[in-house]
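S.K.: I'd like to ask some things about the structure below.
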Amino acid sequence: MTPLAKLLEAALFASARPVPLDELAALDSDASDAALTAALQELKEHYDTDSDGHGVELVEIAGGWQILTRAEYTEAIERAQLAARPQRLSAAALETLAIIAYRQPIGRAEIEEIRGVNVGGVLKSLHERGLIDVVGRAEGLGRPLLYGTTPLFLEHFALRHLEELPRADELAVALRHMPAPIADAPSVEAEASPE
Amino acid sequence: MTTVPPELAVTVDGLPPGLARTIAAERVESSFVVELTAFSGPLDLLLTLIRDEKIDIYDIPIARVAEQFLRRIRTLGLNEAADYLEMAARLLRIKAQMLLPRGENEEWEDPRAELVRRLLEYQQMREIVDVLEHRADDRRDRFARAYLPDEPTPPQAPLALSLSELLSAVDRILRAVWQPNMHDVVARPLDVPSAIGLIRQLIAIRAQLRWTDVVQQDAPPWQVLSALLGLLELARIGELHVNQPRPFANVDIWRDVEVMAAPQPEEDAAGLTNENDDTVNTRDASSEAA
């Protein structure tokens, strides 16, 4: 490995959070962005291929780089109680996050409209977990708070950036520009004779 | 639609107890299979119903779906029920709207359209949830350096403070305040006597006045009030008469014509006092008082 790749490896090993490229640049003032990217690539390949790979890998997450253990060792590590996996998010939390991720900035009323339930408690706990934050206030009555996702959200879902999520029109049900083929020929017989 | 408790089923159906019980048990089972806590909301439940029944989302048989929806939410506790009940009410309203007769050529808006839009929107969101869930699991399976699960924040220790400590703290704070800035209420009593004096002077000169002559336009409230009280007092003791032809109109003030030279009060003002009930009239009251 090149000295720069080793330096990056040490720095990433020392950090518990993903480190963005501009922070890695502070390690060596002589290194250009291209050199850093090349060194990161070198380190990544080193972990992946060098004598059948390593127990860790280099991953690009939340606009930064992070060394993570490989998934196949998770069981053993957890069984030995060296580390614990975080709690899964509830369905309510995931639904709320999904709406916020796609519609941000978005107010509580609009989330409740889509989910059909009260989301006050979920918003509070997502905010406490640092996955969402207040990003502003809407115009209009009461100036309601608007929520958006945080860098921690990207980390939690191992996303490099928000654009990595499938675009709305790539989903099976494309919705916002839904045509309205509902108006013709409704099935009246089902209404007229309920069982 | 209704579920029959086993003991009731025996008497109603008149079947052998064993058979009746199994039928009743089946009924109970079929309507209670689904745990509502498994749903994240009324739209989730509705979508599941639609999927289970293989219903075309663009052509929902509302009557059937509403019935099944109601059957499933019967098991709900009241606290979680609110959101579901709102949806149930919505379904029943759509059902009613569907039953309304409609003309051949009448433009007809499907009452289900809004529900379909919401269901599709919800379904799209669930797809995103699947993506997120998959990615979260993927990340969960890999540890970063020194990962520590979030520690629950300990509840704050109860405040341990004795009364004397509290009092001395209050004392310290009060001492620290350089000079407590208390608000001084300056007494400004009404000056009715001098207002009366002023009105008497004016009425002596002019015999007929208006309220705006007595009170300056920008007079402070206490002067206005003094003048008003003085005026009413003078009217009460019969020294002058006060009349307001309409609400918020200017007030006419005049004195009796004891002196020959005094000019007559305006005709209409004098007439109004006797004829118009709506007028504020102190003449009668003052004459009675006198």
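No value in this document is a laboratory result; all are computed from the given coordinates. Please read all numbers here as calculations on a predicted model, not as lab measurements. Reconstructed Cβ throughout: ideal geometry from the backbone, glycine too, with neighbour counts over all protein chains shown.
S.K.: For the pair B:Val185/A:Gln81, report the inter-label distance in nm, with labels modelled 7 Å from Cα in the Cβ direction.
M.R.: 6.9
S.K.: Once you place label points 7 Å from the Cα toward the Cβ at A:Met1 and A:Asp52, how far apart are they in nm?
M.R.: Result: 2.1 nm between the two label points.
S.K.: Using θ = phi - 60° and the Karplus curve 6.51 cos²θ - 1.76 cosθ + 1.60, what whole-Hz ³J(HN,Hα) does each residue of the stretch B:211-223 get, with Gly and Pro shown as x?
M.R.: 4, 5, 7, 7, 10, 5, 4, 9, 5, x, x, 5, 6
S.K.: For chain A, which span is the longest to avoid every loop-located (per DSSP) member of trypsin sites (Lys or Arg not before Pro) having at most 12 other Cβ atoms inside 10 Å? The partial results should precede the final answer.
M.R.: Numbers: sites that count: A:Arg88, A:Arg167, A:Arg176.
For trypsin sites (Lys or Arg not before Pro) (loop position, at most 12 other Cβ atoms within 10 Å), the longest site-free span of chain A is A:1-87.
S.K.: Counting other Cβ atoms within 10 Å, which GluC sites (Glu not before Pro) in the stretch A:96-165 have at most 10 and lie in a DSSP loop?
M.R.: Those satisfying the criteria are A:Glu139.
S.K.: Using a 10 Å cut-off around each Cβ, can you sort A:His127, B:His241 from fewest to most neighbouring Cβ atoms?
M.R.: A:His127, B:His241
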